[in-house]
1. Select from segment 120-205 those chymotrypsin sites (Phe, Trp or Tyr not before Pro) which occupy a DSSP coil region and have at most 13 other Cβ atoms within 10 Å, ordered by residue number.
2. Scale the Cα Rg of segment 59-124 by the rule-of-thumb value 2.2 N^0.38 Å and send over the ratio, two decimals.
3. Need one word for segment 50-206: rounded, prolate or oblate. Basis is the Cα gyration tensor (sqrt eigenvalues a ≥ b ≥ c); a/c below 1.5 gives rounded, then a/b vs b/c decides.
4. Could you please tell me the mean projected area of the C-alpha convex hull for segment 110-196, averaged over all directions and given in square nanometres to one decimal?
5. Which links in LYS116/LYS170; LYS58/LYS205; LYS116/LYS193 stretch past 24 Å when you go from one Cα to the other?
6. Over segment 89-208, what is the relative contact order in whole percent, taking alpha-carbon pairs under 8 Å and six or more residues apart?
Amino acid sequence: MKRRSTKTNFWFEHGHLRFSSLLFFLLLGGLIFLLSLGLIGRWAVNTPTVSQISDQQKRQFIEKILPAAQQQQRENHILTSITLAQAALESDWGQSELASKYHNLFGIKNAQSSAKLLTTGEYVNGQWITVTARFAVYQNWNESIAAHSKLFTNGTDWDRQHYQAVLAAKNYQQAAQALQQHGYATDPSYAQKLIELIQEYQLNKYDQ
């Protein structure tokens, strides 16, 4: 029986290792190059994932806007829990580009010259699409919260009573359903998402 050459195996195995090592360093170098250009991870700047926003950051966000939300409940009868939940959902806990750069917590749009043209997701004809719209710019989050309340109290250009059902709601469940029924957002799960946020973080305890 012929004996297999150990020398041949040695060079084959080590040659394979050399090739694997070279491939690894080439991939690593390419990754570093793309990161330096900002081509990887750019989506995370505008759309943070759940893992990027800690529970502590979420609670800090709630605490930061809580006084302004409570003030709007006293003055305009908008439930604090609804303001907090909408702000968290619409702004991704204050981390979205619209909220962090332009202080717009609620995705409010307008046609003023100061408005910023940005892309957003809309649910149309049973599917999510990307559209471009002009969004309001505010000096700070308190100003954004005040504008949010003004929208509910003054209504829209075509219907001054448009959000009266939100103001008249006796609890956050009714208010969330009223928001969806009156088209605040196109997301068919919008009311349920608000309710789940309020329940998870017990935001209704502030509705006193």
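Quick note: the coordinates plus some simple rules give every number you see, no bench work behind them. A quick note: this is a predicted structure, and the numbers were derived from the prediction, not measured. In this analysis, Cβ positions are derived from the backbone assuming ideal geometry, glycine residues included, and neighbour counts consider all displayed protein chains.
1. The qualifying sites are TRP158.
2. Normalised Rg, Cα atoms only: 1.20.
3. Judged from the Cα gyration tensor, segment 50-206 comes out rounded (a/c under 1.5).
4. If you wrap the Cα atoms of segment 110-196 in a convex hull and average its projections, you get 6.7 nm².
5. Exceeds cut-off: LYS116/LYS170; LYS116/LYS193.
6. Reported relative contact order: 18 percent.
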